[in-house]
Amino acid sequence: MSAEERRQQVVVEAATLFDELGYESATMDDIAKRVGVAKPTLYHYFQSKDQILQAIHQDFIDLLLARHNRRLETNQAPETLLLAIMTDVLGLMETHRGHVRVFFEHHRQLPKDAKDVIRLKRDQYQQIVEELFAAGVRLGAFRRTDPSLATLALFGMCNWAYQWYSPGGLLPPEGIANQFWGFLVFGIGSDSLRASLTGASAGSGPK
């Protein structure tokens, strides 16, 4: 195993351990045992648990950004790209469950300099989603809406799904993504409900 492969193994096993025990409870001894190396060997790759935490955050956000950037070459519509983004985030619940929990629950434990770096990438990803909503409005795919609020709604649905998601449940992550995307883009009200509410609103005005 190369040094880079071993380093990546440390990151993956630590993410799983942090998911199981919590970041505060897991120790470098625990990580070394999980990886199957002596503790001094572990320090050859990471000098502290903070550095491992930073690497987990870095891997997670870089993976999301890389996947989105590859799709930009295919010239897809904004609504299609939004579905892909939701599928990315929800899909990581199965492939990178430990990374997901660490990213969403333990960013405050990052050292100050690392926190600033990750925050810039978080903001970059959020800006990408906001721009997709804005583009959808410009192209007529979406009705006029606040891109910032729409982005918060998207992340609100996706980012905490790991709290209740169970592998092997009724829907796989991509199925959940499709459902969430439908809620966000089309709503859940039927045409008849929308018509009745619109009519009630119009009828309640001054005579």
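The values are calculated or read from the model by the stated rules, or taken from the named source; none is laboratory data. Please read all numbers here as calculations on a predicted model, not as lab measurements. Ideal geometry is used to build each Cβ from the backbone, glycine not excepted, and the neighbour counts take in all protein chains shown.
Here are some residues: His107, His96. Which one is buried (at least 17 other Cβ atoms within 10 Å of the Cβ), in the same structural domain as Phe155 (by TED's automatic domain parsing) and over 10 Å from the mean Cα position of the chain (by Cα)?
From the options His107, His96, the qualifying one is His96.
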## Note on the structure
Counted residues in the stretch 52-80 being part of a helix (DSSP H, G or I) and either outside the structural domain of Ala135 (by TED's automatic domain parsing) or under 22 Å from Leu154 (Cα atoms) (or both) come to 19
### Summary
Within the stretch 31-76, the count of residues that are among the hydrophobic types (A, V, I, L, M, F, W, C), at pLDDT 95 or above and closer than 23 Å to Glu130 by Cβ comes to 6
### Query
Of Phe142, Phe103, which residue is of a type in the set (Phe, Trp, Tyr) and in a helix (DSSP H, G or I)?
Phe103
### Task
Return the only residue of Pro111, Pro147 being more than 30 Å from Ala26 (Cβ to Cβ), touching a helix residue (DSSP H, G or I) at 6+ places or on another chain (Cβ under 7 Å) and of a type outside the set (Asp, Glu).
Pro147
